[in-house]
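Worksheet for the structure shown next.
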Amino acid sequence: MKYLFLIAVFVFIQTTLTSAQIYSDFSADDINGNEVVLSSYLEKGPVMLGFWSSRCTACRELQRNMKILYEKYKSYGFTYIGVNVDDQKTVSKVKSYVYANGFTFPVILDTDEKIFESYSGSAIPYYLFINEDKEVTNSTLGYTNGDEKMIEEEITLLLELK
């Protein structure tokens with residue numbers, strides 16, 4: 001009975017997180033100073049936004065796994081955008097971290113956390129999926145090894161790959 005209650009609470013939280021999300025377009029600079037506009041990526045296919053910090057171990061693991069999934073599905077129109085929320089003290093380390101790990105997906109800086117807040121972010125790692133109709137289809141707080149399987153399932157669902 002206790003487990004049934006916990007499952008019900010988890011489903012409620014997931015449903016609440018997903019249904020509470022509203023699409024919010026943004027324009028932000030990536031780590032190289034290039035403008036990234038969310039809506040321009042959505043014209044090509046679904047987008048996953050992953051909010052992370054260089055100080056967060058789970059966040060770094062998510063980024064490493066997203067490198068693999070992004071490379072696997074980008075030719076189908078999928079885009080992963082890493083949204084870094086480091087503060088002014090640690091943001092200088094982000095660019096070298098991205099290059100050292102060979103990330104090819106866009107990484108934008110959200111030091112004032114305006115994008116994070118516009119998507120109801122409360123803690124990191126936090127990630128969400130947006131379909132081509134500009135609907136937030138799923139959002140998840142936290143990350144543990146193995147979650148990449150669930151992420152890949154969501155990507156293939158959004159891309160309608162069987």
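Table for the structure above
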item: Residue 87 vs. criteria closer than 22 Å to residue 21 by Cβ, more than 15 Å from the chain's Cα centre (by Cα) and not in a strand (DSSP E or B); result: no
item: Flag if residue 118 is in contact with a strand residue (DSSP E or B) (Cβ under 6 Å, 6 or more places away or on another chain) and among the polar types (S, T, N, Q); result: no
item: Any hit, region 39-58, residues being touching an Asp or Glu at 6+ places or on another chain (Cβ under 7 Å) and among the hydrophobic types (A, V, I, L, M, F, W, C); result: yes
item: Residues satisfying the stated conditions in region 141-153, i.e. closer than 19 Å to residue 68 by Cβ and either surrounded by fewer than 19 Cβ atoms within 10 Å (Cβ to Cβ) or without any contact (Cβ under 8 Å) to a residue 12 or more places away in the chain (or both); result: 144, 145, 146, 147, 148, 149, 150, 152, 153
item: Matching entry among 65, 131 (being modelled with pLDDT of 95 or more, crowded, with 17+ Cβ neighbours inside 10 Å and farther than 26 Å from residue 22 by Cβ); result: 65
item: All positions within region 1-56 that are over 27 Å from residue 87 (Cα atoms), exposed (fewer than 10 other Cβ atoms within 10 Å of the Cβ) and modelled with pLDDT of 90 or more; result: 43
item: Residue, nearest to residue 28 (Cα to Cα), within region 110-128, restricted to residues that are of a type in the set (A, V, I, L, M) and buried (at least 19 other Cβ atoms within 10 Å of the Cβ); result: 115
item: Selected residue (only one of 148, 117, 160 is in a helix (DSSP H, G or I) and closer than 22 Å to residue 45 by Cβ); result: 148
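The values are calculated or read from the model by the stated rules, or taken from the named source; none is laboratory data. Keep in mind the model is a prediction, meaning the values are calculated, not measured. All Cβ positions, even for glycine, are placed from backbone atoms using ideal geometry, and neighbour counts span all protein chains on display.
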